[in-house]
Amino acid sequence: MFGSVAADLVRELKNSKWLLPFNESSLHTIAIETRSIMEMITSTVSEFREKLDQPEVLATVMVFHRSVQRNKRCALAYLYKRLERMRQMRWEYSSINFAELSNNLSIHERDYLSKYNRLLGEYCESVGLDLTAVCTPRPGLWNSA
């Protein structure tokens, strides 16, 4: 069925609490499936060139096209959610242990996180405040006695 690998990829990431290892094989499978669906669209359009105004042909092309769109949407959602989690982890844990996390990241994600950390550090340094520090007051600070 079209889009099942893409849907599984997004579902897997959504159900995990931690950042799972980058699933390059599923993304590759999605790309291959999308390419094959595009070939089916091309062959359908060329085969039924004279009958493109018929509802059956239009429905077939539309189903294929929607499958391509869904695959793309799922792949982009997977990549975006991973980046969102990396940023969230950076803010929650102040600094991320790259040794633990780097096995779960792609090369491009490692590069992104490194640049994000550097940019955030430069900004914190320029304003003279660690924005990622815990911002809860000491116990008893606001208690009136």
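Out of all the residues in region 19-29, is one or more over 15 Å from the mean Cα position of the chain (by Cα) and aliphatic (A, V, I, L, M)? Checked against the condition, which is being over 15 Å from the mean Cα position of the chain (by Cα) and aliphatic (A, V, I, L, M), region 19-29 yields no hits at all. Taking the criterion of being among the aliphatic types (A, V, I, L, M) and in contact with a helix residue (DSSP H, G or I) (Cβ under 6 Å, 6 or more places away or on another chain), the residues of region 62-85 that qualify are VAL68, ALA75, ALA77. Yes or no: ARG118 surrounded by 14 or more Cβ atoms within 10 Å (Cβ to Cβ) and assigned to a helix (DSSP H, G or I)? The answer is no for ARG118. The set of residues in region 55-64 that are open to solvent by less than 60 Å² (accessible area, probe 1.4 Å) and β-branched (Val, Ile, Thr) comprises VAL57, THR60, VAL61.
Summed over region 19-54, the residues that are exposed (fewer than 14 other Cβ atoms within 10 Å of the Cβ), without any contact (Cβ under 8 Å) to a residue 40 or more places away in the chain and over 13 Å from VAL68 (Cα atoms) give a count of 11.
Once region 123-132 is narrowed to residues that are part of a helix (DSSP H, G or I) and surrounded by fewer than 10 Cβ atoms within 10 Å (Cβ to Cβ), the residue that is modelled with the highest pLDDT is SER126.
Go through region 1-18 and count every residue that is surrounded by 13 or more Cβ atoms within 10 Å (Cβ to Cβ) and closer than 20 Å to LEU101 by Cβ. Adding up the residues that qualify gives 3. Please tell me if GLU100 is in a helix (DSSP H, G or I), open to solvent by 90 Å² or more (accessible area, probe 1.4 Å), within 14 Å of PHE2 (Cβ to Cβ) and free of Cβ contacts under 8 Å to residues at least 24 places away in the same chain. The answer is no for GLU100.
Every listed requirement among (1) open to solvent by 90 Å² or more (accessible area, probe 1.4 Å); (2) β-branched (Val, Ile, Thr); (3) touching a helix residue (DSSP H, G or I) at 6+ places or on another chain (Cβ under 8 Å) is met by ILE107 save one, (3).
The values are calculated or read from the model by the stated rules, or taken from the named source; none is laboratory data. All values derive from a computational prediction rather than experimental measurement. No Cβ is skipped: glycine too gets one built from the backbone with ideal geometry, and neighbour counts run over all protein chains shown. Note: accessible area is taken over every heavy atom of the protein model, side chains too, but ligands, DNA and RNA are not part of it. Shrake-Rupley method; radii C 1.70, N 1.55, O 1.52, S 1.80 Å.
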